[in-house]
1. Between SER12 and residues 5 or more places away or on another chain, which pairs have amide H atoms under 5 Å apart, with H built 1.01 Å from N, and which residues are they?
2. Can you give the Rg to Rh ratio for the range 64-151, taking only C-alpha atoms and Rh from Kirkwood?
3. Quick check: from the Cα gyration tensor, does the range 5-89 come out rounded (a/c under 1.5), prolate or oblate?
4. Using the heavy atoms of the protein chains alone and a 1.4 angstrom probe, what is the accessible area of the range 60-125 per residue in square angstrom?
5. In whole Hz, what ³J(HN,Hα) sequence does the range 100-108 give by Karplus (6.51, -1.76, 1.60; θ = phi - 60°), x for Gly and Pro?
6. In terms of Cα to Cα distance under 29 Å, which lysines are near enough to LYS81, apart from those fewer than 8 places away along the same chain?
7. In square angstrom, rounded to the nearest 10, how much accessible surface does THR105 have for a 1.4 Å probe?
8. So, R0 is 22 Å and r is the distance between the beta-carbons of GLU43 and ASN21; what FRET efficiency does that work out to, to 0.05?
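The values are calculated or read from the model by the stated rules, or taken from the named source; none is laboratory data. The structure displayed is predicted, hence computed values, not measured ones. Virtual Cβ from ideal backbone geometry, glycine too; neighbours counted across all protein chains shown. Surface areas here come from the heavy atoms of the whole protein model, side chains and all, with no ligands, DNA or RNA. Shrake-Rupley method; radii C 1.70, N 1.55, O 1.52, S 1.80 Å.
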Amino acid sequence: MDNLTTCTRCGSDACYVDEVNNDIKTQFCYGCGFQTNSVMKEENEFYQEQISILPELYKDLISKDQNDLMWMPSMINLPDKGMVFANGPSKSDWGWAAVKAVPVTEEEKEKYPIPNQKSKFYEWRMDMTTLKMFRELEYMEALSYISVLPE
Ligand SMILES: [Zn+2]
């Protein structure tokens, strides 16, 4: 990863910047697990729409940096690896939940049909028994747990 900068939210040097085009720049911080992009500004209608569908915890955790960019917790969902998402009762008591994906076996595949596709089944499922909580600044450990980052 060559586009790493200092995160304006947590100060770590693991913030990955991607210039999608001249107008849109995305920032994804592996230090704190938060993300933002150039259109995530309070007055922006698109931003307002985007956050309206977020879980309450996500709304509560959104914060504004010195450039008026709104940072929100990331939500990773990779069908063949797993999920990492912010989880907890309140913004003063939360962490990252990581859940591993496991292959669907031949015996159980009937339980995981792909909607609107006859006789097709998912190959992977999220195994909630693997759910493990990580602290706020252990985001990278959570990603390692689901093998997105090496151990
Ligand atoms: Zn950060």
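1. Amide H to amide H, under 5 Å and 5 or more residues apart or across chains, SER12 pairs with CYS7.
2. On the way: Rg = 16.2 Å, Rh = 14.7 Å.
Across the range 64-151, the Cα-based Rg/Rh ratio is 1.10.
3. Details: a/c = 1.38, a/b = 1.11, b/c = 1.24.
Since a/c stays below 1.5, the shape of the range 5-89 is classed as rounded.
4. Details: 4170 Å² over 66 residues.
Result: 63 Å² of accessible area for each residue.
5. 8, 8, 10, x, 7, 7, 4, 5, 9
6. LYS25, LYS59, LYS91, LYS100, LYS109, LYS111, LYS118, LYS120, LYS132
7. That residue has around 60 Å² of solvent-accessible surface.
8. Working: r = 21 Å, r/R0 = 0.96.
With R0 = 22 Å, the Cβ-Cβ based efficiency is 0.55.
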